[in-house]
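A short write-up of the structure that comes next.
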Amino acid sequence: MKTTNKKITRLTAALLALVLALSLAACGTKTPAETEAPAAGKHFTFTVVDDKGESTYFTLTSEEETVGAALLAEGLIEGEESQYGLYVKTVNGLTADYDKDGHYWAFYIGEDYASTGVDQTPLEDGGSYAFQYE
């Protein structure tokens, strides 16, 4: 009987040690989401209001310094250099050319009509920018 009690005691101790080891190992592991580094750069939102009044929303990340450089890099705007900076004629594939059709792209920072050009506006982390067909 003594031998059986010793075996049970040893078996119980071994099982407890195994459970403890597995518990400690599980505490140190991270899920893949926890180990991934956040995307580098500034995160911002960009909205396009087209000629039909429909909005398209983008959530973007960029290491560029200006809004214009970030949107050019994403292929979301196209335009021509002018004496005043970048004259944006195409946004998200839709062209508005004041010289041809009397329409243009209005640039907004947050809810406000921008007082700077897109290529002169610093890109802010958490910023919100828009182009609206006018």
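The values are calculated or read from the model by the stated rules, or taken from the named source; none is laboratory data. All figures in this text were calculated on a predicted structure; none of them were measured in a lab. Positions of Cβ are generated from backbone atoms using ideal geometry, with glycine treated the same way; all protein chains shown enter the neighbour counts. The accessibility values were calculated without ligands, DNA or RNA, using every heavy atom of the protein model including side chains. Shrake-Rupley method; radii C 1.70, N 1.55, O 1.52, S 1.80 Å.
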The stretch 88-134 - residue that is part of a strand (DSSP E or B) and among the hydroxyl-bearing types (Ser, Thr, Tyr) and, of those, surrounded by the most Cβ atoms within 10 Å (Cβ to Cβ):
129
For residue 73, indicate whether it is assigned to a loop (DSSP other than H, G, I, E, B), under 21 Å from the mean Cα position of the chain (by Cα) and over 16 Å from residue 132 (Cβ atoms).
no
Could you check the stretch 59-113 and list, in sequence order, the residues that are without any contact (Cβ under 8 Å) to a residue 12 or more places away in the chain and either among the aromatic types (Phe, Trp, Tyr) or in contact with a helix residue (DSSP H, G or I) (Cβ under 6 Å, 6 or more places away or on another chain) (or both)?
87, 98, 113
Residues located in the stretch 25-79, provided they are open to solvent by 90 Å² or more (accessible area, probe 1.4 Å), of a type in the set (Ser, Thr, Tyr) and modelled with pLDDT of 95 or more:
57, 59
